[in-house]
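Take a look at the structure set out below.
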Amino acid sequence: MPLLTLKEEIILSAIMMHGGSSRGAPIRKKVIELGQKDIVYGTLYNLMEKLIGKGYVVTGKSDPIPVQGGRSKTIYGITPEGKKVLQETLEMHAAIRQALPELG
């Protein structure tokens, strides 16, 4: 069973919290909130490329912004395989928490 790194888990969770797809900026904002530390766009997009390569994330384009010179935005969406590996990772965390004796 493949497991996610912490950063991958946070990114996929952020995408899920945005309904399964979103642009990069809202994902970054949620990743900062969940991870409780800043992440630069370059790092985020490098991690997104790795998730795309693993088949956990796909990209698409939005309609152009309705202003002169408006352009499309990249939309990132979680795949069924991405949802599955995220669920398996979260279940593993729950099992570990349940098996641990109380901390302190």
Which one of 55, 69 is exposed (fewer than 11 other Cβ atoms within 10 Å of the Cβ), on the phi > 0 side of the Ramachandran plot and not hydrophobic (A, V, I, L, M, F, W, C)? 69
Test residue 102 against the stated conditions and say whether it is at pLDDT 95 or above and loosely packed, with under 14 Cβ neighbours inside 10 Å. no
Restricting to region 81-99, and then to whatever is out of contact with any helix residue (DSSP H, G or I) (no Cβ under 7 Å at 6 or more places or on another chain), closer than 27 Å to residue 41 by Cβ and of a type outside the set (A, V, I, L, M), can you tell me which residue is surrounded by the fewest Cβ atoms within 10 Å (Cβ to Cβ)? 81
Qualifying positions in region 44-97 - closer than 16 Å to residue 25 by Cα, part of a loop (DSSP other than H, G, I, E, B) and without any contact (Cβ under 8 Å) to a residue 24 or more places away in the chain: 65, 71, 72
How many residues does region 5-27 contain that are buried (at least 16 other Cβ atoms within 10 Å of the Cβ) and within 21 Å of residue 89 (Cα to Cα)? 13
Across (1) surrounded by fewer than 13 Cβ atoms within 10 Å (Cβ to Cβ); (2) farther than 16 Å from residue 9 by Cβ, residue 75 clears everything bar (1)
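The values are calculated or read from the model by the stated rules, or taken from the named source; none is laboratory data. Small disclaimer: the values here were computed from a predicted structure and weren't measured. Because the Cβ atoms are built from the backbone with ideal geometry, glycine has one as well, and the counts that use them run over all protein chains shown.
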